[in-house]
Amino acid sequence: MRWVAGLAFLFALYLGAAHLSGGAFPTLGLPIGGDRALLRQTTDAFIEDIKFKDFKKAASYHAPDKRDAVDIPFLIERLFVQKPESLDIMSYEIMMSEIDSTNMRGRVKSNIKVKNLAVGEIREQELMLFYHRDSVDAPWYMELESSLRQLSGDKQKKH
């Protein structure tokens, strides 16, 4: 019977570590890890959507009022400097998930191994995705659109 208690203790310790890691450790399908785990899962789903060229689904991670205007193929081309149809995402790994002190902004860093199908070149690239929400109880939304578009400076300010 002691070994059962010891095993239960080790399992609880592991689940605690998985929760504190923000879902970095496998969670056996349990909803632990909090918002950091949710952002990891969202990033994982987003990269998978890009990998399988489901750009409509990839746009769905933006705020509802921005989804129709998000041009995912254009943004992917800006990010990887190649046309999406010549991009093969071979593998990826979520490196870290972080939420700021206000619990309103988050970011997830991943490493992506891609192949340029046109020339056969393989390279690894880091990708940082940013998220925001309007309140602590509100859903998280990606901000890929605004971070990859060309922005013009404010003409009222010095450059």
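Obtain the nm distance between the two label points defined at residue 121 and residue 41 by a simple spin-label model: each point lies 7 Å from its Cα along the Cα-to-C-beta direction.
3.8 nm
Roughly how many nanometres apart are two label points built 7 Å out from the Cα toward the Cβ at residue 91 and residue 54?
2.3 nm
What aspartates and glutamates could a cross-link reach from residue 113, if we take a straight Cα to Cα line under 19 Å and drop same-chain neighbours fewer than 8 places away?
Partners found: 44, 48, 49, 54, 77, 85, 88, 93, 121, 124, 126.
Every number here is computed from the coordinates shown, using simple stated rules; none is lab data. Fair warning: this is a prediction, and the values are worked out from it, not measured in the lab. So basically every Cβ, Gly included, is an ideal-geometry build from the backbone, and we count neighbours across all protein chains shown.
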